[in-house]
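One structure is given here, and the rest of the page talks about it.
The values are calculated or read from the model by the stated rules, or taken from the named source; none is laboratory data. The structure displayed is predicted, hence computed values, not measured ones. Glycine gets a Cβ as well: all are built from the backbone with ideal geometry, and neighbour counts include every protein chain shown. Just the protein is used for accessible areas: all its heavy atoms, side chains included, with ligands, DNA and RNA removed. Shrake-Rupley method; radii C 1.70, N 1.55, O 1.52, S 1.80 Å.
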Amino acid sequence: MLVRQLFTDLFLQDMLPALEVLIWNRYNRFPEQYSRIFQVKGSTRSIEQVTQVSGVGLFTQLGELEPVHYDNPVQGFHRTFTHLRFGLGFRASSELVDDDKFGLIQKMAIELGRSSKETIELDAVSDFNNGFNSSFPGPDGVCLFSASHQLVKAGGVQNNTLAVAADLDVVSLQLALTDYRKMKDSSGKKVRVPVKRLVVAPDNEWQASEILEGTDRSDTANRAVNTFRHRDAYPSFNSWMVWEYLTNPDAWFLTADPSDTDLYFWFRKKPYTVHDIDFDTQSSKTAMFYRESHGWGDFYGLYGSPGA
């Protein structure tokens, strides 16, 4: 419990845990959203690198004593993730403590934890908010959701967006799931990575719920079966989430389990706090820092539409 006596001498080391509790309580108050989409990994280096490997082709029929054919994977596109440093802090004057204004210090500590969580979410979602913008290309030279991802070994291109952008409804979601099922990798084989969830902006929350969660189809009155819950060879598709940081209210996405994608959020250092005293002014300083990088190395397991 926070009481007046806790803040009579803020500058002593035994007062730091009080600020730590305030900061981390707010940081942990709401569950992460980005970690449901990204592979969140730790890093021990200044950079991380991912390289696309094509895999091998299909088996060929062999005659008696005919030697086996050896195929070689082809190196595809690669990407380097350079970790960036982030930080923010606040200062509390000795007068602030002397005058018993500990409520202000409490609010600043709470807001520091909140701001850290918010910044991380905004950094992560930028890959999706910019996912249809050609000014933000990935390692293959096009944006994350594109009709022209190059297949380095098989040749040609692969799309992970609708041919005609559409708002979320039953028909557009059916088209997207069919398109997704037909997706091929860079060596021409079927990807066959199950869709984990539908991701929408807050504006599409109710639409997503009505489409996926009902027993009957949501856009007809004739009690047709909700086919999203009865997909051949795949689990029932009724998982969805609202990503509150999506800026396009009409955009929607299909995502595989993070472990089945090349969408990464690297932490070189997870958020941590530092406390110090400024000798000249006798003010206390509290700051929070972290180092991270994020982005994608390949587009498989991801599909999106910016809306009509």
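Check whether at least one residue in segment 182-190 is over 19 Å from residue 38 (Cβ atoms), assigned to a helix (DSSP H, G or I) and among the small types (Gly, Ala, Ser), and report yes or no. Outline the logic, then answer.
Pass one, segment 182-190, residues over 19 Å from residue 38 (Cβ atoms): 182-190.
Going one step further and asking which of them are assigned to a helix (DSSP H, G or I), we end up with none.
Taking every residue of segment 182-190 in turn, none turns out to be over 19 Å from residue 38 (Cβ atoms), assigned to a helix (DSSP H, G or I) and among the small types (Gly, Ala, Ser).
Give me the pairs: first residue in segment 292-306 and modelled with pLDDT of 95 or more and among the aliphatic types (A, V, I, L, M), second residue open to solvent by less than 10 Å² (accessible area, probe 1.4 Å) and assigned to a loop (DSSP other than H, G, I, E, B), beta-carbon distance under 7 Å, and six or more apart or on different chains, which are they?
Listed by first residue and then by second, the contacts come to 302/144; 302/160; 302/261.
Residue 214 is checked against (1) open to solvent by 70 Å² or more (accessible area, probe 1.4 Å); (2) free of Cβ contacts under 8 Å to residues at least 24 places away in the same chain; (3) not aliphatic (A, V, I, L, M) and fails just one. What number does that condition carry?
Among (1) open to solvent by 70 Å² or more (accessible area, probe 1.4 Å); (2) free of Cβ contacts under 8 Å to residues at least 24 places away in the same chain; (3) not aliphatic (A, V, I, L, M), the lone unmet condition for residue 214 is (1).
Residues in segment 286-293: is at least one open to solvent by less than 40 Å² (accessible area, probe 1.4 Å), among the small types (Gly, Ala, Ser) and part of a loop (DSSP other than H, G, I, E, B)?
As a first pass, look at segment 286-293 and keep what is open to solvent by less than 40 Å² (accessible area, probe 1.4 Å): 286-288, 290, 292-293.
Okay, now just the ones that are also among the small types (Gly, Ala, Ser), so 287, 293.
In the following step, the residues that additionally are part of a loop (DSSP other than H, G, I, E, B) were identified as none.
The answer is no; no qualifying residue exists.
Would it be correct to say that residue 116 is under 30 Å from residue 285 (Cα atoms), open to solvent by less than 80 Å² (accessible area, probe 1.4 Å) and either free of Cβ contacts under 8 Å to residues at least 12 places away in the same chain or outside any strand (DSSP E or B) (or both)?
Values: under 30 Å from residue 285 (Cα atoms): yes; open to solvent by less than 80 Å² (accessible area, probe 1.4 Å): yes; either free of Cβ contacts under 8 Å to residues at least 12 places away in the same chain or outside any strand (DSSP E or B) (or both): yes.
So residue 116 fits the description; yes.
If I filter segment 228-241 for residues that are open to solvent by 50 Å² or more (accessible area, probe 1.4 Å) and in contact with a strand residue (DSSP E or B) (Cβ under 7 Å, 6 or more places away or on another chain), do I get at least one hit? Before you say what the answer is, go through the steps one by one.
Filtering segment 228-241 for residues open to solvent by 50 Å² or more (accessible area, probe 1.4 Å) gives 229-230, 232-233, 235-236, 238, 240.
Then drop every residue that is not in contact with a strand residue (DSSP E or B) (Cβ under 7 Å, 6 or more places away or on another chain), which leaves 240.
Yes, some residue in segment 228-241 is open to solvent by 50 Å² or more (accessible area, probe 1.4 Å) and in contact with a strand residue (DSSP E or B) (Cβ under 7 Å, 6 or more places away or on another chain).
Please work out if residue 111 is of a type in the set (D, E, K, R), open to solvent by less than 90 Å² (accessible area, probe 1.4 Å), closer than 24 Å to residue 297 by Cα and not in a strand (DSSP E or B). Show your work before the answer.
Values: of a type in the set (D, E, K, R): yes; open to solvent by less than 90 Å² (accessible area, probe 1.4 Å): yes; closer than 24 Å to residue 297 by Cα: no; not in a strand (DSSP E or B): yes.
Judged against the criteria, residue 111 is not a match.
Restricting the search to segment 298-308, which residues are open to solvent by 10 Å² or more (accessible area, probe 1.4 Å) and within 30 Å of residue 46 (Cβ to Cβ)?
298, 300
Filter segment 111-162 for residues that are among the small types (Gly, Ala, Ser) and under 22 Å from residue 184 (Cα atoms) and give the result. Break it down stepwise before answering.
Within segment 111-162, the subset among the small types (Gly, Ala, Ser) is 113, 115-116, 124, 126, 131, 134-135, 138, 141, 146-148, 154-156.
Selection gives 131, 138, 141, 146, 147, 148, 154, 155, 156.
Considering only residues that are charged (D, E, K, R) and touching a residue at least 40 places away in the same chain (Cβ under 8 Å), look in segment 182-200 and name the one that is surrounded by the fewest Cβ atoms within 10 Å (Cβ to Cβ).
First, the residues of segment 182-200 that are charged (D, E, K, R): 182, 184-185, 189-190, 192, 196-197.
Restricting the remaining residues to those that are touching a residue at least 40 places away in the same chain (Cβ under 8 Å) gives 185, 189, 196-197.
On the way: 185: 21, 189: 14, 196: 22, 197: 19.
The selected residue is 189.
Within segment 5-25, which residues are modelled with pLDDT of 75 or more and either open to solvent by less than 20 Å² (accessible area, probe 1.4 Å) or closer than 20 Å to residue 125 by Cβ (or both)? Step through it out loud before you land on a result.
First, pick out the residues of segment 5-25 that are modelled with pLDDT of 75 or more: 20-25.
Scanning segment 5-25 gives 22, 23.
Which of the residues belonging to segment 249-269 are in contact (Cβ under 8 Å) with a residue 40 or more places away in the chain, open to solvent by 30 Å² or more (accessible area, probe 1.4 Å) and more than 13 Å from residue 37 (Cα to Cα)?
The first filter runs over segment 249-269 and keeps only residues in contact (Cβ under 8 Å) with a residue 40 or more places away in the chain, leaving 249-268.
Checking the rest, the ones that are also open to solvent by 30 Å² or more (accessible area, probe 1.4 Å) come to 249-250, 257, 259-260, 262, 268.
Passing the criteria: 249, 250, 268.
Identify, from the list 167, 203, the residue that is open to solvent by 30 Å² or more (accessible area, probe 1.4 Å), in contact with a helix residue (DSSP H, G or I) (Cβ under 9 Å, 6 or more places away or on another chain) and outside any strand (DSSP E or B).
On the way: 203 fails: in contact with a helix residue (DSSP H, G or I) (Cβ under 9 Å, 6 or more places away or on another chain).
Exactly one residue qualifies, and that residue is 167.
Being crowded, with 18+ Cβ neighbours inside 10 Å, modelled with pLDDT of 95 or more and part of a loop (DSSP other than H, G, I, E, B) is the filter here; which residues of segment 148-161 pass it?
Selection gives 160 alone.
Search segment 78-93 for residues being modelled with pLDDT of 90 or more and open to solvent by less than 70 Å² (accessible area, probe 1.4 Å), and hand back the single one that is farthest from residue 265 (Cα to Cα).
If we take residues in segment 78-93 being modelled with pLDDT of 90 or more and open to solvent by less than 70 Å² (accessible area, probe 1.4 Å), then 89 is farthest from residue 265 (Cα to Cα).
Say we look at segment 53-67 and pick out the residues that are aliphatic (A, V, I, L, M) and more than 29 Å from residue 298 (Cβ to Cβ); which of these is most open to solvent (accessible area, probe 1.4 Å)?
Step one: filter segment 53-67 for residues aliphatic (A, V, I, L, M), giving 53, 56, 58, 62, 65.
Within this subset, residues satisfying the condition of being more than 29 Å from residue 298 (Cβ to Cβ) are 62, 65.
On the way: 62: 80, 65: 167 Å².
If we take residues in segment 53-67 being aliphatic (A, V, I, L, M) and more than 29 Å from residue 298 (Cβ to Cβ), then 65 is most open to solvent (accessible area, probe 1.4 Å).
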